[in-house]
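Following: one structure in structure tokens, then a few remarks.
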């Protein structure tokens, strides 16, 4: 009996570790990876903090109006390349690599909306700016809303482009949607990709960032919307297949002072790239 029990335990342990290996390989094959970005020595700056560093790019010097641009998941400040030239004369434009992406590194496994919004606030304080017009797309929009709710004195107005954190709104492919929501699957996967072995084997993976931020999505984010009193513009395409437009009305209803601006159907989840003029008009009018 003892030998049978020992064999059973050994098989279960072996099956468990084999399953972890399969999941790890699956994440490496189909999960997100770091994108190649280039540091512009003439225009970019790197601000260092005790836990990491944040790359920023500043255009303009209008002290009366500051616009801060937050990119989406696994992107970088270059995401706004088509928008920034259209904002000349509309204020000081600050765009950044959110920690964990691009050239912004942070010594933490926590990339939740709350943690990221606090890091952006640290940057704003270092730059001595407040009452900013905060603009975000997808994950960046979700961070922007969290920041406005938690640090209202830092934000004068919001532009949220297809925020992805509303319960059930985020869609993904290759079965990853199962992990991209709060719950046990997310917790187990987060443990796996946070191990030293996974990080050494797959150094280009940003699966940890994906799992960490989506663990903070859902009802808590939806509940925080009622705290936002700043004027808010919600931009969305009804054909968005990543952050479902069907939740736009619920988000609008939760915000105290919001309006909806429709993007073209063929813009999908890429309004920043396909309709930069639409975004610029909201900020410069």
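The values are calculated or read from the model by the stated rules, or taken from the named source; none is laboratory data. Treat the numbers as computed from the prediction; the structure is a model and nothing was measured. Because the Cβ atoms are built from the backbone with ideal geometry, glycine has one as well, and the counts that use them run over all protein chains shown.
Here are the numbers for the structure shown:
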{"read-out": "Enumeration of residues in segment 157-175 that are farther than 18 Å from residue 267 by Cα and surrounded by 17 or more Cβ atoms within 10 Å (Cβ to Cβ)", "value": "157, 158, 165, 166"}
{"read-out": "Scope segment 85-126; condition outside any strand (DSSP E or B), over 29 Å from residue 205 (Cβ atoms) and without any contact (Cβ under 8 Å) to a residue 40 or more places away in the chain; matching residues", "value": "85, 88, 125"}
{"read-out": "Residue under evaluation residue 178, criteria (1) at pLDDT 95 or above; (2) in contact with a helix residue (DSSP H, G or I) (Cβ under 9 Å, 6 or more places away or on another chain), criterion not met", "value": "(1)"}
{"read-out": "The listed residue being assigned to a loop (DSSP other than H, G, I, E, B), within 30 Å of residue 129 (Cβ to Cβ) and either at pLDDT below 90 or touching a helix residue (DSSP H, G or I) at 6+ places or on another chain (Cβ under 6 Å) (or both), out of 173, 224, 164", "value": "164"}
{"read-out": "Selection within segment 241-285 - touching a strand residue (DSSP E or B) at 6+ places or on another chain (Cβ under 9 Å), buried (at least 16 other Cβ atoms within 10 Å of the Cβ) and under 22 Å from residue 152 (Cβ atoms)", "value": "251, 255, 258, 282, 283"}
{"read-out": "Residue, farthest from residue 182 (Cα to Cα), within segment 209-240, restricted to residues that are surrounded by 24 or more Cβ atoms within 10 Å (Cβ to Cβ) and free of Cβ contacts under 8 Å to residues at least 60 places away in the same chain", "value": "211"}
{"read-out": "Test: residue in segment 56-63 that is buried (at least 18 other Cβ atoms within 10 Å of the Cβ) and modelled with pLDDT of 95 or more", "value": "yes"}
